[in-house]
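Chemist: Sharing a structure here in structure tokens format.
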Amino acid sequence: MVVKVIDSLAPRLRNLFVRFNAWHTVEEIRLRINKPIVIHSSLGAYSLEQHGNKCQVAEGYCITEDDLNRTIGLMTSNSWYALEDEIRSGYLTLPGGHRVGLTGKTILDKGNIKTLKYLGSINIRLARQILGAADSVMPRILRSGVVRSTVLISPPGCGKTTLLRDIARQISNCGINVVIIDERSEIAACHQGVPQLDVGLQTDVLDGCPKASGITMALRGMSPQVIITDEIGRLEDGPALADVMRAGVKVITSCHGAAITALHQRVWLKQCEGVFEQAVVLSRKSGPGTIEGVLKLNSDA
Amino acid sequence: MARSYMERPKNLRFIQTALQALETEIHYSRTSLPEACMRIAKHSKHPINTFFHVFGENLQSGDGLSAKEAWDKALEVLRDAGFIRDDVERISTLGNALGRSDAEDQVKHLVLLQKQLAELIARSEEEKDQNVLLWNCLGFCVGALVVILLF
């Protein structure tokens, strides 16, 4: 898994990682032109100097424009045009499910983003499967064979996607049909349609599919008992979730926010009131995936 | 000598056909460059098949070569196959653009090079007609001279 990330780095950057042995702690690698390489890990942020030794961020190896361009070239197989939609959305997915966020000069066409030019920085987020990540929350979600519709709330980097993936795996392995609408290819990390991570024995994945359309497709064709999707929050998501509820299908999803109060302000939620039976609030207090609390929502819905 | 004049328009035409195939791969199926090159290599004639095969391999080498570097490296194949400098230089210009923009822009660059190649083909055909005749005549005359001298 990690080997593939190194393969996507420019040769000069690959050399920095030759003796690197702390991959299991790495969460993100950030590359910015003329700035030091920054590695975010569960132990904090640090950098690597030119010989690959750990050092303070300010003393790290500075990324050149050439380093960044070659890295992007490797990540896109030098075929920018083949990934137009992903680039427009600001990210790429590497084999293995690692996600690469991109920033640079945006080129607009009639007010819409056409493409990105002159990339300035990228952020490689390592996808990591933690089997059993959902153990502590599972008793709340699956009770005597019945799944409860749940929304996971947390700020970025608290393990929402990891948790969703493991919830999918555990529910599915209990004999329940699960469909994952994986808009950003993060949950199942599909490569050419086949999940690269374990999402369970009875799970189907709609990869790269917009959530609202995906929900409709799944309801029509796959007769799921549970739909799992990530980072809900667009206006059109609300009505789609309401459809799920009308079909009697359970839904488990995640949403950005620091606390339950954030949820009450969401417009999409008003359109699908009663869909969720509970909300799980996550934080990083004791590492990613710390459960702050479980709140009942519309318990009689 | 006459043969090289005959080969030039033929080879340029092969390159033109291959570029047309690349245009289709990019425009309709958004096939990545390495994959498209390998497909084109399978369906092209010598030396174009080797050229696209080498270009595709350069892209997949994992050495972090840019498309431009991979293209320029592959152009050696055409030089070795007897392509003249002007033609190689014209073809090399595409390397700057390949893979670096959206499909619409890629198609524009590919169409432009195909048009430029069409001009080169027309010119090389004219040269061929003039020179092949000249060299064939010359060959005949030299042969006749040898015969006369011998007898």
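FYI, it's all coordinate maths here, none of it is from the lab. All values reported here derive from a predicted model rather than from experimental measurement. We place every Cβ from the backbone using ideal geometry, glycine too, and count neighbours over all the protein chains shown.
Chemist: Hey, what did chain B get for relative contact order, percent, Cα under 8 Å, at least 6 apart? Don't skip to the answer; put the middle values down first.
Modeler: Values: 143 pairs, mean separation 48.0, N = 151.
Reported relative contact order: 32 percent.
Chemist: Using helices alone, I'd like the mean residue ellipticity at 222 nm for the protein assembly as shown: each DSSP H run of four-plus residues gives -39500 (n - 2.57), total over residue count, nearest 500.
Modeler: Details: 16 runs with 199 residues, N = 452.
My calculation for the protein assembly as shown gives -14000 deg cm²/dmol from helical runs alone.
Chemist: Does the range A:138-296 classify as rounded, prolate or oblate by the C-alpha gyration tensor (a ≥ b ≥ c root eigenvalues; a/c under 1.5 gives rounded; else a/b over b/c gives prolate, otherwise oblate)? Let's see the in-between values first.
Modeler: On the way: a/c = 1.35, a/b = 1.15, b/c = 1.18.
In terms of gyration-tensor shape, rounded.
Chemist: Can you tell me the orientation of helix A:237-246 relative to chain A, as the angle in degrees between its alpha-carbon axis and the longest Cα principal axis, to the nearest 10?
Modeler: 30 degrees
Chemist: Which one of A:Pro195, A:His256, A:Ser213 is farthest out on the positive end of the charge dipole of the range A:138-296, using unit charges on Cβ (Lys, Arg +1; Asp, Glu -1) and the Cα centre as origin?
Modeler: Ranked along the dipole, the leading option is A:His256.
Chemist: Of the residues B:Leu120, B:Leu59, B:Leu134, which exhibits the maximal mean-square fluctuation in a Gaussian network model of chain B defined by a 10 Å Cα contact cut-off?
Modeler: Most flexible of the set in this elastic network: B:Leu134.
Chemist: While we're here: If you take the beta carbon distance between B:Cys141 and B:Val111 as r and set R0 to 56 Å, what does 1/(1 + (r/R0)^6) give as a FRET efficiency, to the nearest 0.05? Don't skip to the answer; put the middle values down first.
Modeler: Working: r = 45 Å, r/R0 = 0.80.
According to the calculation, E is roughly 0.80.
Chemist: Now a separate question. According to the square roots a ≥ b ≥ c of the eigenvalues of the Cα gyration tensor, what is the shape class of the range B:13-71, taking rounded for a/c under 1.5, prolate for a/b larger than b/c otherwise, and oblate for the remainder? Don't skip to the end; give the middle numbers.
Modeler: Values: a/c = 1.99, a/b = 1.27, b/c = 1.56.
Oblate is the answer for the range B:13-71, as a/c is 1.5 or above yet b/c matches or exceeds a/b.
Chemist: With +1 on each Lys and Arg Cβ and -1 on each Asp and Glu Cβ, and nothing else charged, work out how big the dipole of the range A:69-123 is about its Cα centre, in Debye to the nearest 20.
Modeler: Values: 7 positive and 4 negative charges, 36 e Å.
Its charge dipole is roughly 180 debye.
Chemist: If R0 is 60 Å, what FRET efficiency do you get for B:Asn96 and A:Ser144 from their C-beta distance, rounded to 0.05?
Modeler: Result of the calculation: an efficiency of 0.40.
Chemist: Among rounded, prolate and oblate, which fits the range A:9-48 when a ≥ b ≥ c are the square roots of the eigenvalues of its C-alpha gyration tensor, a/c under 1.5 means rounded, and a/b larger than b/c means prolate? Could you put the intermediate results ahead of the total?
Modeler: Working: a/c = 2.21, a/b = 1.20, b/c = 1.84.
In terms of gyration-tensor shape, oblate.
Chemist: While we're looking at this one, here's another question. Can you tell me which of B:Ile40, B:Ile15, B:Ile84 moves the most in a GNM of chain B? Springs connect C-alpha atoms under 10 Å apart.
Modeler: Largest GNM mean-square fluctuation: B:Ile84.
Chemist: Count, for each residue of B:113-125, the Cβ atoms from other chains sitting within 10 Å of its Cβ, then give me the mean as a whole number.
Modeler: Details: counts 0, 0, 0, 0, 0, 0, 0, 0, 0, 0, 0, 0, 0.
Taking the mean over all residues of the peptide, I get 0.
Chemist: In degrees between 0 and 90, to the nearest 10, how far off the longest principal axis of chain A does helix A:211-221 point, with axes built from Cα atoms?
Modeler: Between helix and principal axis, roughly 50 degrees.
Chemist: At a Förster radius of 22 Å, what calculated FRET efficiency corresponds to the Cβ-Cβ distance of A:Asp198 and A:Arg220, to the nearest 0.05?
Modeler: Computed FRET efficiency for A:Asp198 and A:Arg220 comes out at 0.25.
Chemist: Give a residue-ordered list of calculated ³J(HN,Hα) values for the range B:121-129 (Karplus: 6.51 cos²θ - 1.76 cosθ + 1.60, θ = phi - 60°; whole Hz; x for Gly, Pro).
Modeler: 5, 4, 5, 5, 5, 4, 4, 4, 4
Chemist: Just to confirm my numbers, what's the Cα centroid distance between the range A:188-215 and the range A:56-85 in Å?
Modeler: Cα centroid of the range A:188-215 versus Cα centroid of the range A:56-85: 27 Å apart.
Chemist: Taking the Cβ of A:Ile130 as the center, what net charge do the other residues with Cβ under 9 Å away carry, scoring Lys and Arg +1 and Asp and Glu -1? Could you put the intermediate results ahead of the total?
Modeler: Numbers: positive: A:Arg128, A:Arg165; negative: A:Asp166.
Every neighbour counted, the sum reads +1.
Chemist: Further question: Please find, in a Gaussian network model of chain B (springs between Cα atoms separated by less than 10 Å), the residue of B:Glu127, B:Glu104, B:Glu35 whose mean-square fluctuation is greatest.
Modeler: B:Glu104
Chemist: Per residue of A:66-74, what is the mean number of Cβ atoms on other protein chains within 10 angstrom of that residue's Cβ? Don't skip to the answer; put the middle values down first.
Modeler: On the way: counts 2, 1, 0, 3, 5, 1, 2, 10, 5.
So the per-residue partner count for this stretch is 3.
Chemist: Would you work out the charge dipole size for the protein assembly as shown about its Cα centre, treating the Cβ of every Lys and Arg as +1 and the Cβ of every Asp and Glu as -1, and quote it to the nearest 20 debye? Walk me through the numbers before you get to the answer.
Modeler: Working: 52 positive and 50 negative charges, 154 e Å.
Roughly 740 debye, rounded to the nearest 20.
Chemist: With the contact rule set at Cα under 8 Å and sequence spacing of 6 or more, what percent relative contact order holds for the range A:8-156?
Modeler: Details: 230 pairs, mean separation 28.0, N = 149.
Relative contact order for the range A:8-156 comes out at 19 percent.
Chemist: Taking the dipole about the Cα centre of the protein assembly as shown, with the C-beta of Lys and Arg at +1 and of Asp and Glu at -1, give me whichever of A:Thr150, A:Pro11, B:Ala81 is farthest to the positive side.
Modeler: A:Thr150
Chemist: Something else now. Assign unit charges at the C-beta atoms only (+1 for Lys and Arg, -1 for Asp and Glu), then state the dipole size of the range B:2-150 relative to its Cα centre in Debye, rounded to the nearest 20. Write out the running numbers ahead of the final one.
Modeler: Numbers: 18 positive and 21 negative charges, 64 e Å.
Dipole size: approximately 300 debye.
Chemist: Counting only other chains, and only Cβ atoms inside 10 Å, what mean value do you get across the residues of A:82-89?
Modeler: Mean partner shielding for this stretch: 3.
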